[in-house]
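Readers should treat all values here as calculations from the given coordinates under stated rules, not as data from a laboratory. Since the structure is predicted, the reported quantities are computational estimates derived from the model, not experimental observations. Heads up, the Cβs are rebuilt from the backbone with ideal geometry, glycines too, and the neighbour counts pull from every protein chain shown.
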């Protein structure tokens, strides 16, 4: 179909929900939303009784379907891309782990050379998670490779990736972090704060220098204390920043999720998965980077100490969890998994909403929050068989 109209009972549009109507799709791009069907012969894609939502945007994901970004195997990333369609994800940022410089060079170059070859969820950039971290809150990052932020090193990665790095995470207490943040944000890259023992003041200084995202809030950061608010306190109180949340019920208690959403409002909370290679796979033994991981009872944990090692969360399930916990409306939950993460990484002009002119990447869901179908460029690419 070149040009057609989608008929549905609800549309999650950029400016709010509209019930009953028609959304134009023209040559794979969204057109106008209309209450009444205009005269003409364009076909109608009839989803009466169902809802149309923007494709979801996962800006923090390491792996899926047995593959990991750090394998440096683009065939594996292509399989990730296809698999993510079943999660409602139509755009994503392949996410690195802390490693040696040469490995990160190779991963940057591989993605930069091949990112347009994916046939599923679209690669909209790269998220560099590390190696500019500190040890106390290392999580599943390898401290052997931790170092101070280095602009020359970053620019080399950016050159190898052909400018694809959209987000990079650092610990704000490391030497040179403030200067690094100022320069990198000038270049249009989002600086995120993560895996850090920073004080509230150190985190706030980084935000005043341009840092704008708190990575998997609560996890991998200094906690909230009434006399030293720490990184969590900075995440809750700094204006204009976005707090990531992993809403799998393992990383963050629902009440703690609600605290963040109340403090930040849904427009400043990004749902992410931090998913590792075991996502979409049976429970058992896997690896994250060089670390052995056991996946059991819905959680991925390092074998050596039981620490959480990413997740096996699907982003559409995070949306459902938020609603099941009665923390946010379905409209708010979808925004937190689509346009908010897109804006946080400056890719909102490419994805994250049913906006006229954008690629027609959208989801068909029912009122019980079941994902029925995923579309890319106006074509159906995944159907739920259940």
Only Cα pairs within less than 10 Å get springs; with that Gaussian network setup on the chain, which residue of 251, 114, 226 has the largest fluctuation?
226
Set of region 232-255 residues, backbone N closer than 15 Å to the point 7 Å along the Cα-Cβ line of residue 369
246-250, 254-255
Sequence-separation-based contact order of region 117-199, relative, with Cα cut under 8 Å and 6+ spacing, percent
37
Using only Cα atoms, find the angle between the long axis of helix 254-264 and the longest principal axis of the chain, and express it within 0 to 90 degrees, rounded to the nearest 10.
90
If I fit a long axis through the Cα atoms of helix 177-186 and take the longest principal axis of the Cα atoms of the chain, what angle between them do I get, 0 to 90°, rounded to 10?
30
Cα axis of helix 101-114 to longest principal axis of the chain: angle in degrees, 0 to 90, nearest 10?
10
Using 1/(1 + (r/R0)^6) with R0 = 45 angstrom and r between the beta carbons of residue 155 and residue 39, what's the FRET efficiency to the nearest 0.05?
0.25
Counting alpha carbon pairs within less than 8 Å and at least 6 residues apart, what relative contact order, in whole percent, applies to the chain?
20
With r defined as the distance between the Cβ atoms of residue 114 and residue 226 and R0 fixed at 41 Å, what FRET efficiency is calculated, to the nearest 0.05?
0.25
If R₀ is 25 angstrom, what is the calculated FRET efficiency for the pair residue 135 and residue 185, using the beta carbon separation as r and rounding to 0.05?
0.45
The rounded separation in angstrom of the Cα centers of region 259-292 and region 79-114 is 15
Cβ neighbours within 10 Å, averaged per peptide: list 7-20, 344-357 in order, most packed at the top.
344-357, 7-20
Note down the nm distance, to one decimal, between modelled labels 7 Å out along Cα→Cβ at residue 103 and at residue 46.
5.5
Between rounded, prolate and oblate, where does region 56-344 land on the alpha carbon gyration tensor, with a ≥ b ≥ c its root eigenvalues, rounded for a/c under 1.5, else prolate if a/b exceeds b/c?
rounded
